[in-house]
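Here is the structure we will look at, set down as structure tokens.
The values are calculated or read from the model by the stated rules, or taken from the named source; none is laboratory data. Owing to the predicted nature of the structure, the values given are computational and were not obtained by experimental measurement. FYI the Cβ positions are ideal-geometry reconstructions off the backbone, even for glycines, and counts take in every protein chain you see. Surface areas here come from the heavy atoms of the whole protein model, side chains and all, with no ligands, DNA or RNA. Shrake-Rupley method; radii C 1.70, N 1.55, O 1.52, S 1.80 Å.
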Amino acid sequence: MAKQKEERKEKILRFVNEFINEKGYSPSIREIGANIGIGSTSLVDYYLSQLQNDGFITTADKHVSRSVRLTLAGYEAIGVNYFDTPAGIEQSR
């Protein structure tokens with residue numbers, strides 16, 4: 001059970017990273033759920049809370065849609081160098 005939970009958390013991190021890189025903004029909770037095969041927005045919200053508690057993501061406001069961002073620890077958890085992402089490249093200029 002714990003392995004499935006960790007796999008889902010990693011899938012969420014990867015999806016959020018890819019979505020932001022492609023579109024320039026965060027995915028919605030429904031988009032995250034649809035991508036990783038979870039129909040319940042409450043369960044997606046649970047995973048996002050866990051990821052935030054673990055220090056892998058941050059949100060501008062719990063009640064603001066599309067405010068999820070990966071932290072440096074989040075990028076490291078999925079093996080991505082932040083400075084290789086569009087946001088990181090822009091920040092380093």
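Would you pick out the residues in region 58-93 that are outside any helix (DSSP H, G or I), at pLDDT below 90 and surrounded by 11 or more Cβ atoms within 10 Å (Cβ to Cβ)?
Once the filter is applied, which keeps residues that are outside any helix (DSSP H, G or I), at pLDDT below 90 and surrounded by 11 or more Cβ atoms within 10 Å (Cβ to Cβ), region 58-93 yields THR59, ALA60, SER65, ARG66, SER67, THR85.
Restricting to region 24-57, name every residue that is outside any helix (DSSP H, G or I), within 21 Å of LYS5 (Cα to Cα) and open to solvent by less than 60 Å² (accessible area, probe 1.4 Å).
Passing the criteria: PRO27, SER28, ILE38, SER40, GLY55, PHE56, ILE57.
Would you mind telling me which numbered condition in (1) in contact with a Leu (Cβ under 7 Å, 6 or more places away or on another chain); (2) at positive phi; (3) small (Gly, Ala, Ser) GLY37 fails?
Here GLY37 clears every test but (1).
Report, by residue number, each residue of region 5-23 that is open to solvent by 80 Å² or more (accessible area, probe 1.4 Å) and among the basic types (Lys, Arg).
Matches in region 5-23: LYS11, ARG14, LYS23.
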